[in-house]
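Take a look at the structure set out below.
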Ligand code: GLN
């Protein structure tokens, strides 16, 4: 492995330049209108390592809407809170469907395929809403602690935009409720879900905050246990098989890292035993994954020999 590359910062800068003209290959998400206002040519990359190094290039300190990357934090909180009973309400299989699909959910009687498609993350939001007296506060507090930054905020414009354009997500929630798989009141569950999706963070903060997944559940900076080693393994497994939605197979095939994307254009990739890569570029492909973000993760992984399948 070439993990000991001395000047990672320069390397990241060079990789960004190569992607310079690729922003036109995707389309910025506009089904949540507040996301459509983001400039398409902004791009950032950060790598945090478990030995405490954080480097970055481009707009790696600029906050963006983390969207579905929040599903990773929510999953860890729910696993910690209710343990293995979570897996009676949501499965751990790839869906083979778009992230917001409802079709499978009816066939499968309101049990979502996995916790990182929208149905699964809404289910997880129900767990958090039902098991924390103030789930939104608990969520943002968890994220702030992990990132070591108390200034991380929810973007209220994005939140309002999601709320007013969230009928598809509401349909998923009501369908699950009709099968008895949602406990709390739907408006409360959706409000939690949209809040966590609307958190704004930078590549640097995201990379740092997820280091525990690269370090068997222990935050390497504070030495605090965030989840068990078994659960860190499980989250990474789910991210490997489902984190890039219906492009997860291709991503495993060509890159080989547990990863999660969000429609804000962010991608995080966990490198067990090494660190976390986070990229940001708003234009998305048809699967809802950032085009340039995926290219960048792929090129860093290739340059540094990071695939878990080597
Ligand atoms: N908030 C978005 C939604 O519910 C999250 C989707 C995503 O980032 N893939 O549609």
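Where a number appears in this text, it was derived from the coordinates with a stated rule and is not lab data. Note that the structure is predicted; figures quoted are calculated from it, not measured. Because the Cβ atoms are built from the backbone with ideal geometry, glycine has one as well, and the counts that use them run over all protein chains shown.
Values computed for the structure shown
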{"item": "Computed label-point distance, nm, for sites residue 222 and residue 183 using a 7 Å Cα→Cβ extension", "result": "2.5"}
{"item": "Packing rank of 172-178, 82-88, where each peptide gets the mean count of other beta carbons within 10 Å, highest leading", "result": "172-178, 82-88"}
{"item": "Residue order, fewest to most surrounding Cβ atoms within 10 angstrom, among 101, 242", "result": "101, 242"}
{"item": "Folded to 0 to 90 degrees: helix 167-178 orientation relative to the chain principal axis, Cα", "result": "50"}
{"item": "Estimated FRET transfer efficiency (residue 137, residue 157; beta-carbon r; R0 25 Å; 0.05)", "result": "0.80"}
{"item": "Fewest-first sequence of 244, 92 by Cβ atoms within 10 Å of each Cβ", "result": "92, 244"}
{"item": "Gain on full stretching of the segment that runs from residue 150 to residue 230 - 0.36 nm per residue minus C-alpha separation", "result": "25.9 nm"}
{"item": "Least to most buried among 209, 307, 290 (fewest other Cβ within 10 Å first)", "result": "307, 290, 209"}
{"item": "Gyration tensor verdict on region 1-120 (Cα atoms; rounded if a/c is under 1.5, prolate if a/b is larger than b/c, oblate otherwise)", "result": "oblate"}
{"item": "Gain upon complete extension [residue 41, residue 103; 0.36 nm per residue less C-alpha separation]", "result": "18.9 nm"}
{"item": "Inter-label distance for residue 88 and residue 27, nm, one decimal - labels placed 7 Å from Cα along Cα-to-Cβ", "result": "4.3"}
{"item": "Acute angle (nearest 10 degrees) that the helix 291-304 long axis makes with the longest principal axis of the chain, alpha-carbon atoms", "result": "50"}
{"item": "In degrees, nearest ten, helix 70-82 long axis to first principal axis of the chain (Cα)", "result": "60"}
{"item": "Within the chain, helix-based [θ] at 222 nm, where runs of 4 or more DSSP H residues each add -39,500 (n - 2.57), nearest 500", "result": "-13000 deg cm²/dmol"}
{"item": "Relative contact order [Cα under 8 Å, 6+ residues apart], region 248-310, whole percent", "result": "32"}
{"item": "Average Cα contact separation per residue, the chain, under 8 Å, 6 or more apart, as relative contact order %", "result": "28"}
